[in-house]
Each structure stands twice: as structure tokens, then as C-alpha cells.
Amino acid sequence: MSDHPEARRTALYEEHVKAGGKLVPFAGFMLPIQYEGIAAEHHRCRTAVGLFDVSHMGEIVFRGPEAAKVVNRLVTNNVVSVKPGRAVYTPCCRPDGGIVDDMIFYKKSDTEWFVCVNASNKDKDYAWFVEQTRGECEVVDLSEQYSQIAVQGPNAPELLARVLGAEVATMKPFWFITKDYRGQEIIFATTGYTGEPGGEIYVPSAVAADLWRELMDKGSDLGVGPIGLGARDSLRMEMKYCLYGNDIDDTTTPIEAGLQWTVKFDKGDFNGRDVHLKQHEDGPARHLVQFVVEGKGVPRHNYAVYSGDRKIGHVTSGTMSPSLKIPIGIAYVEPPFQTVGQTFEIDLMGLRRVQARVVEAPVYRKAK
Amino acid sequence: MSIPKEYRFTDTHEWVKVEEDNIVSIGITDYAQDHLGDIVSVEAPRVGDEIEKGEPIGMIDSQKASTEVFAPLTGLVLESNDLLEDDPSVMNSDPYEEGWLVRVEVADMEQLDELMTAEDYEEYLGRLEEE
């Protein structure tokens, strides 16, 4: 397959080609959709450890004495009150409550935040950040400098300890540290998009391929392997982690999307607060739910959801769950269909309808 | 990419193989299964269904996408491949033999002439890859 003319290569491009990755243009980069197969890669992440090239993600820094005021006005979660070294997942909303993007804020100090944003939204986010900052602090797009490697799976802490040092294996979720790697400063964070232990490494592109190869070499006895975008998607769907553009967008709010826990009404004013508060008090007109299909047929983005003859919502994401071996999905539905155990029908492109049932998220839970 | 010489093909990547007289097998091509990746569920028309050329008759779900199957010919479904119910991945591993979808009694065998020959299909795939 030939390169897409406008798509760029990540610093790990050669590694993907060598590993037999099927490369596709995605968010402006040539990235592997799969290597050995989506289901096999999914199981590798659930049972061993996988490496993901997520270099397409954007990195933006807020810096300055007034930065705290700026960032807390910009996002719904409280990224200021936490200790330096904490990572905070948060939506960033418009004044009308809609989600500009969802992102992770890393608090480096009381005057500096490092932010990881979605690749497809990076330019939109940067423009929004600059506009909303009104010159009150520095906003710097560092995306060109960084590659990003996610290391996820039950064996990830062991592998990370071998490569980055023992201390990284004992860090609790959603913390980060900076470290030296071959003379370059890297950021290691215990964050991820799979529900598995491990972390994500922000690494200057000059040493990204070295780090990838070292992780592959030192993880061979741990079952390490590269994982493509396909399994990244099925892994996050099992956890009901939102994908911007599918489950959330400019027209949906965090309250509708089941992200109430990321909206901190008590921290002072922020974009969208009034709308979110009203939805929180009155109950939103739709809820994002996770469901399982009780029958055959895989739900997909935009399939209609019915109760009898009435359309009550639409599917935002769906797949065959490689872990559970049943079709699962995420959908917006009207009340009262959001409660666990409620059933509705999904229209499979007009072919027929299949029953689905709301489950408590995440539908995938590790056997204890 | 393998393309059996004696089969006929559609531009939506279904194949037709004449079994005897006016009885044909229908399936999806090697190209189609390769593009779909791991097939996880197959919805075939039922025995006794009348199918009409160009109309959707089933759905194939892979780990990454879902796609409709279109009838390459008009006819009556005589048999549906039970094997796919238990192990849909047969469509990946053997798309032209074990992975057949349905057997159909065709109303008008002249419809077969409207389909691509192996040579036409190979050329068609070549053009697709260039795009």
C-alpha cells in the first residue's frame, strides 16, 4: 500500500514496516491499523503487554504566573487543586457546553501544565486555547518535538521497570515523572486507553525508535508485541472510554456522555458551567450508555436505536468484543432507557433489528 | 491475491461459481476478506429466500467493519453455509471453497454473462489499487 500524499510518517514508521504493520492514513499520519490481526493484538494487551505508537497525539503547554486561572476556566475538571505530578483527564468545553476535545492535563508546577490532546483536534484545540487564553499566559504547541509510545498490559509494569527503572512500576494510576532517556528528557505517565496497567511515554522523536526497540527487545519473554489502531479501538470500547468524533463532539456535553465525574461545579466558573449545571440538575435529554447485543450482528457508529417503532437514540461506537466474544457498543439513548438492564433494539442497516441491553460500564472486568 | 479462473465476479467483490446446470454458489472474494480482516459474524439469507440481483442479501461483520453482501444474480436460496455460523473465520481462510455463503437456483443463467470474468476482475482490482 502506498503512502497517502499528505500523511506524515512518525519516528516509528520503519519499526511498523519491519513488523508487518498494515499502514493507513489517520489524523494526518501513516499509522498501523493492525499487524498480526486485531483480535490477536487485543488479547496480547489483555494478557501480556503491547506497544502502541500514538505519536499522532498533540502536546501543548500552558506556562506563566496566570496559567492556573486560564486552565481552570478552560476545562471542566479541576486541574489546579491537584499536586504537581498528577495527571487529570478532562473535557474542554465551549460556552454552550459542547465538548471541544477531551484531553489529559499533566500538572508540572503551579505555573505549568503539559496537555495531551487528540490528533485530529490538535489545530482546533491550539487555536481555541490561544483565543481563550487572551494573552494571559504562554501557550506552546510542542507536538512537532514529541513522539508517544503507550505500553499497556498486565506485564507492562515489569517491562517499564526494566527499561525506565524500578520506580515506574510502583506508581499509582494518573501520576507522571520526568526521566532522562539517552540524554533526552522524557515524560512517563501512568495513563492509558485500554484499562490495563502500564503507561504512556512522551519521548523526543530523536530517541523514540531507540526506546521502541529497547521495549521490544527487553519484553520478548513478557510477550510484548506492537498493537495497531484497530485493537486500540476495541480495547477502549470494552472500557467505555470515549472516542472524540464518535461518542463525544461539539454537540454533546460531559453530562450527557456520562462524564459527570470530570465536571467540578465547586471550582469556580468555567466554559459551559451553566449548561452543565442545568443538565446535572434537570437530568440530560440523552445519556451515553454501554450495551451488549443479545443476538447476532455487530452494531456500528450511527446505527439507529429503537424502542418499538420509536427512535430513541443512536449507536456511537460498536464492535465484536474480542474479550467477551459478543457484540458490544456505546449509544446515546433517551431517558428512561439509560438504566442498567433496560433493553432496546438496534437497526442493522435496515436488514433486521437486534435486541441490546444496557450494562454497567465497563462491560469488561478482569477476573479477580 | 488469488482469483479462480472459472468463477465470475461483481464490482462489490462477490463471486459466483456454477455448480451444475442452473445451481451456483455465491461468496465473497479473497480481496474482500483481506480488506475486512478477521470476520466475526456472517448473516446469510435463509433457505427459501428469493434474492434479486443487486439487492442486499446479507451482512458480514469483521473486527473492524461491517459490509453488506449484494446478490450477484436473481434466484432462490437452496442452501446456506452452516459452517459460517460456528466459525465465520472460514471466510478468511478459504473464501472460494469452504467459505461459500449460499447456493442458489438461478432464474436466468444469462445474467451470468453480465458478471466479470476472472481476467476482468483482476484488471478491476488493479485499477482499485491505483486509486
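From the residues in segment A:266-275 that are closer than 17 Å to residue A:89 by Cβ and over 22 Å from the mean Cα position of the chain (by Cα), which one is surrounded by the fewest Cβ atoms within 10 Å (Cβ to Cβ)?
Among residues in segment A:266-275 that are closer than 17 Å to residue A:89 by Cβ and over 22 Å from the mean Cα position of the chain (by Cα), the one surrounded by the fewest Cβ atoms within 10 Å (Cβ to Cβ) is A:267.
In the set A:115, A:163, A:168, which member is closer than 26 Å to residue A:49 by Cα, at pLDDT 95 or above and in contact with an Asp or Glu (Cβ under 6 Å, 6 or more places away or on another chain)?
Working: A:115 fails: in contact with an Asp or Glu (Cβ under 6 Å, 6 or more places away or on another chain); A:168 fails: in contact with an Asp or Glu (Cβ under 6 Å, 6 or more places away or on another chain).
Sole residue among the options that is closer than 26 Å to residue A:49 by Cα, at pLDDT 95 or above and in contact with an Asp or Glu (Cβ under 6 Å, 6 or more places away or on another chain): A:163.
Take the residues of segment B:35-68 that are more than 10 Å from chain A (Cβ to nearest Cβ) and assigned to a strand (DSSP E or B): which is nearest to residue A:329 (Cα to Cα)?
If we take residues in segment B:35-68 being more than 10 Å from chain A (Cβ to nearest Cβ) and assigned to a strand (DSSP E or B), then B:51 is nearest to residue A:329 (Cα to Cα).
Just to be sure before I move on: is residue B:32 within 30 Å of residue A:236 (Cα to Cα), surrounded by 14 or more Cβ atoms within 10 Å (Cβ to Cβ) and more than 14 Å from every other protein chain (Cβ to nearest Cβ) in the structure I sent? Steps first, answer last, please.
On the way: within 30 Å of residue A:236 (Cα to Cα): yes; surrounded by 14 or more Cβ atoms within 10 Å (Cβ to Cβ): yes; more than 14 Å from every other protein chain (Cβ to nearest Cβ): yes.
Yes: the conditions hold for residue B:32.
Could you list, in sequence order, the residues of segment A:302-325 that are within 14 Å of chain B (Cβ to nearest Cβ), crowded, with 17+ Cβ neighbours inside 10 Å and either basic (Lys, Arg) or more than 17 Å from residue B:65 (Cα to Cα) (or both)?
A:323 - this is the single residue of segment A:302-325 that is within 14 Å of chain B (Cβ to nearest Cβ), crowded, with 17+ Cβ neighbours inside 10 Å and either basic (Lys, Arg) or more than 17 Å from residue B:65 (Cα to Cα) (or both).
Give A:50, A:64 a once-over and let me know the one that is farther than 25 Å from residue B:128 by Cβ and crowded, with 23+ Cβ neighbours inside 10 Å.
A:50
Return the only residue of B:6, B:97, B:119, B:85 being surrounded by fewer than 16 Cβ atoms within 10 Å (Cβ to Cβ) and within 14 Å of chain A (Cβ to nearest Cβ).
Testing whether each residue is surrounded by fewer than 16 Cβ atoms within 10 Å (Cβ to Cβ) and within 14 Å of chain A (Cβ to nearest Cβ) leaves just B:85.
Would you call residue A:340 within 14 Å of another protein chain (Cβ to nearest Cβ) and either buried (at least 18 other Cβ atoms within 10 Å of the Cβ) or without any contact (Cβ under 8 Å) to a residue 40 or more places away in the chain (or both)?
Working: within 14 Å of another protein chain (Cβ to nearest Cβ): no; either buried (at least 18 other Cβ atoms within 10 Å of the Cβ) or without any contact (Cβ under 8 Å) to a residue 40 or more places away in the chain (or both): yes.
No: the conditions fail for residue A:340.
Which residue, of A:180, A:233, A:141, is modelled with pLDDT of 95 or more, within 14 Å of chain B (Cβ to nearest Cβ) and surrounded by fewer than 24 Cβ atoms within 10 Å (Cβ to Cβ)? Give the derivation first.
Numbers: A:180 fails: within 14 Å of chain B (Cβ to nearest Cβ); A:141 fails: within 14 Å of chain B (Cβ to nearest Cβ).
Sole residue among the options that is modelled with pLDDT of 95 or more, within 14 Å of chain B (Cβ to nearest Cβ) and surrounded by fewer than 24 Cβ atoms within 10 Å (Cβ to Cβ): A:233.
Check whether at least one residue in segment A:212-229 is of a type in the set (A, V, I, L, M, F, W, C), buried (at least 18 other Cβ atoms within 10 Å of the Cβ), under 30 Å from residue A:338 (Cα atoms) and modelled with pLDDT of 95 or more, and report yes or no. Before the answer, list the steps.
Quick first cut of segment A:212-229, residues of a type in the set (A, V, I, L, M, F, W, C) only: A:212, A:215-216, A:222, A:224, A:227, A:229.
Next, from what is left, pick out any that are buried (at least 18 other Cβ atoms within 10 Å of the Cβ): A:212, A:215, A:224, A:227, A:229.
Next cut, under 30 Å from residue A:338 (Cα atoms) only: A:229.
Still in the list and also modelled with pLDDT of 95 or more: A:229.
So far as segment A:212-229 goes, yes, one or more of its residues are of a type in the set (A, V, I, L, M, F, W, C), buried (at least 18 other Cβ atoms within 10 Å of the Cβ), under 30 Å from residue A:338 (Cα atoms) and modelled with pLDDT of 95 or more.
Considering only segment B:80-121, how many residues are among the hydrophobic types (A, V, I, L, M, F, W, C) and in a strand (DSSP E or B)?
Going through segment B:80-121 one residue at a time, the tally reaches 4.
The values are calculated or read from the model by the stated rules, or taken from the named source; none is laboratory data. Owing to the predicted nature of the structure, the values given are computational and were not obtained by experimental measurement. Positions of Cβ are backbone-derived with ideal geometry, glycine not excepted, and every protein chain shown enters the neighbour counts.
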